[in-house]
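Have a look at the structure below, then the notes.
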Amino acid sequence: MSVLITGIAGIGQVRDEITTVAGFLWHKGWAERNAGNLSYNITQYFDAPPGDSDFEAPVALPRTFANLNDQLLLVTASNSRMRDVAADIPANMCLLQIIDGGKAYRQLKKPAPEKMKPPTSELPTHLAIHDKLCAENRPEKVVIHTHPNRLIAMTHIREFCNQSVINNILWSMQPETCVYIHDGLGFVPYMQTGSDALALATLAALDRHRIVLWEKHGCLAIGENAREAFDLIDIAGKSADIFFICRNAGFQAEGIPLAELKKLRESFGIAQPEE
C-alpha cells in the first residue's frame with residue numbers, strides 16, 4: 001500500500017494527520033487494546049485509482065452503498081491498536097475501493113501477503129456514514145470512533161442518558177463546548193456493537209450533529225480531516241472531565257448560567273439550540 005500512495009499530492013498530509021491523531025487517542029487513554037477505529041475518504045487524492053491487479057478479490061458487503069461506488073477509503077484494520085497505527089499506518093490500515101455499484105469492496109494488496117488484515121468489524125457503520133456524506137455532498141471525509149472515559153461514564157448514570165440533559169451539562173462546563181459544538185452531541189441509547197440498528201441510529205443523529213455519543217460504549221465524530229473530528233471529541237471530553245472533577249471534589253458543578261450561554265451564542269452568531 002505504501003508504495004502505491006507515496007508521492008500522491010496531499011497524501012503526506014493525510015499520513016501525518018492519522019499518525020498524530022492515532023497517537024493522541026492512545027495517549028489520552030481512549031484506545032485500550034484494539035478499541036476504536038478510523039476511516040478516511042481519500043478519493044480526492046487520486047487522479048486515477050490503482051489498477052485491477054493491485055487489489056485482492058472482491059468481498060461482498062451486507063448492503064449496498066451506492067454513493068460510494070469507486071470511492072477509495074483508508075480504514076483501520078481489524079484488531080489494530082491505535083498505538084500501532086500511529087507507528088505504522090501501512091501495516092495497520094486497509095485501503096479499500098468500493099465497487100460493483102456499492103455492493104462490494106476490494107482491498108489493496110500489500111507487499112507481504114501474510115500481513116494482510118481485514119478491515120475493522122465496524123466497517124458497515126463507517127461505510128454507511130461515508131455513503132450519507134457523499135449523498136449529501138458534505139465536506140466531512142473522516143469518521144473517528146473512540147472511547148473517552150468520562151463521556152462513557154456519564155452514560156452509566158441514568159439521569160444523564162438524555163440528549164438534552166447531557167448537552168446542557170457539557171455546554172455549561174466551558175465556553176469552548178458551547179461555541180465549537182454548538183450543534184450538541186447526538187445521544188444513541190445502548191445497542192449491539194456493529195449492528196445495523198446502531199448504524200441507523202447513528203446516521204439519524206448525524207442529520208443534526210457532528211459528534212454522537214453511544215451509551216456505555218463511546219463516541220463517534222466526523223470532520224473534514226482527522227484533527228477536526230478529534231477536536232470535537234476532545235472538547236466534549238474536556239467538559240466531562242470538568243464535570244467529574246467538581247463531583248469528585250464533593251461539589252456539584254455550578255455551570256455557566258443559561259442566560260450567559262445565550263449571550264455567548266449571540267456574540268458568536270450561533271443559533272440557539274432547538275428544544
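Before moving on, here are some points about what is shown:
- A residue that is of a type in the set (Phe, Trp, Tyr), over 23 Å from residue 33 (Cα atoms) and under 20 Å from the mean Cα position of the chain (by Cα) occurs somewhere in the stretch 63-73.
- The listed residue being free of Cβ contacts under 8 Å to residues at least 60 places away in the same chain and under 16 Å from residue 144 (Cα atoms), out of 213, 198, 185, 206: 185
- Residues in the stretch 117-154 that are within 15 Å of residue 38 (Cβ to Cβ), touching a Gly at 6+ places or on another chain (Cβ under 9 Å) and surrounded by fewer than 18 Cβ atoms within 10 Å (Cβ to Cβ): 121 only.
- Yes/no for residue 129 being under 22 Å from residue 197 (Cα atoms) and at pLDDT 95 or above: yes
- The set of residues in the stretch 108-129 being aliphatic (A, V, I, L, M) and either closer than 20 Å to residue 14 by Cα or not in a helix (DSSP H, G or I) (or both) consists of 108, 112, 116, 123, 127, 129.
- In the stretch 19-45, residue nearest to the chain's Cα centre (by Cα) [restricted to those that are under 13 Å from residue 96 (Cβ atoms) and either modelled with pLDDT under 90 or of a type in the set (Ser, Thr, Tyr) (or both)]: 39
- Of the strands (runs of 3 or more DSSP E) lying entirely inside the stretch 3-107, those containing at least 1 residues that are in contact (Cβ under 8 Å) with a residue 24 or more places away in the chain, of a type in the set (Val, Ile, Thr) and crowded, with 19+ Cβ neighbours inside 10 Å are 72-76, 93-99.
The values are calculated or read from the model by the stated rules, or taken from the named source; none is laboratory data. Because the structure is predicted, anything quoted here is derived from the model rather than measured. With ideal geometry, Cβ positions are generated from the backbone for all residues, glycine too; neighbour counts draw on all protein chains shown.
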